[in-house]
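Structure record follows, encoded as structure tokens.
The values are calculated or read from the model by the stated rules, or taken from the named source; none is laboratory data. These numbers come from a predicted model, not from an experiment. Cβ sites come from the backbone with ideal geometry, for glycine too, and all protein chains shown count toward neighbours. SASA here: full protein model, heavy atoms, side chains in, ligands and nucleic acids out. Shrake-Rupley method; radii C 1.70, N 1.55, O 1.52, S 1.80 Å.
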Amino acid sequence: CNFIINSSDEDFLTYLGDYFDIPSLIDYDIFGLAVCGSDSYGKNQIYMTYDGNKWIASMYDLDTTWGMYWNGETLVNSDYAREKFEDRIQGRLGNLLYERIEKLMYVDLQTRWEEVKKGALSLTNIINRFERFLDPMSSDLVKEDYASTTANGAYSSIPSVARNNLQQIRKFAVERQTWTDDYLAALTPIERIPC
């Protein structure tokens, strides 16, 4: 969008709402950071609209979250840096829309983060959601499902079966919340005090 590329900072703040649902952009950025959605800025984005003019941000393909690397072959640390996300690697300059939001709307991001980490993205809520999802599944049922979906082991190349589990997600969520606190707090410009 030419607006994102060419607008002045003042125009960006003034007219962004003409093109995008701003709360959805803020929530998208916060969620992407909090879950370590490292490919959610360079790809895996969907923008929806009711009128063809104003767009609402939405995520999909959340295979790279909670420490899981996109191909499932490894786990990343909870302090996986924003600079390593898909949109910033290999000389890429980052997703300009979210780069500008973080530069110009950091107070909105910080305020919203404080709200959602007490509700939808609270550690209690995140962990409870995963536990409720997994509760009905006995270990025998999981083994049976794995056997049936892999043709009794013939197609067992599903990576991270043993490493990606509730305990790993729980630990990652706790540590990533601290990382997100620090990342968003660092967006605040440093106030220079004269000597």
When the residues of the stretch 71-109 are narrowed to those that are of a type in the set (Phe, Trp, Tyr) and under 17 Å from residue 176 (Cβ atoms), which ends up nearest to the chain's Cα centre (by Cα)?
85
So residue 78 passes all but one of these: (1) open to solvent by less than 70 Å² (accessible area, probe 1.4 Å); (2) under 29 Å from residue 13 (Cα atoms). Which condition number does it fail?
(2)
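Looking at 94, 52, which one is of a type outside the set (D, E, K, R), touching a Lys or Arg at 6+ places or on another chain (Cβ under 7 Å) and outside any strand (DSSP E or B)?
Details: 52 fails: touching a Lys or Arg at 6+ places or on another chain (Cβ under 7 Å).
Going through 94, 52 in turn, just one is of a type outside the set (D, E, K, R), touching a Lys or Arg at 6+ places or on another chain (Cβ under 7 Å) and outside any strand (DSSP E or B): 94.
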Scan the stretch 27-42 and give yes if some residue there is under 23 Å from residue 175 (Cβ atoms), in contact with a helix residue (DSSP H, G or I) (Cβ under 8 Å, 6 or more places away or on another chain), assigned to a loop (DSSP other than H, G, I, E, B) and among the aliphatic types (A, V, I, L, M), otherwise no.
yes
Cβ-Cβ distance below 9 Å, separation of 6 or more or different chains: which pairs start in the stretch 82-102 with a residue that is at positive phi and end on one that is surrounded by 12 or more Cβ atoms within 10 Å (Cβ to Cβ)?
94/41; 94/42; 94/82; 94/85; 94/87; 94/88
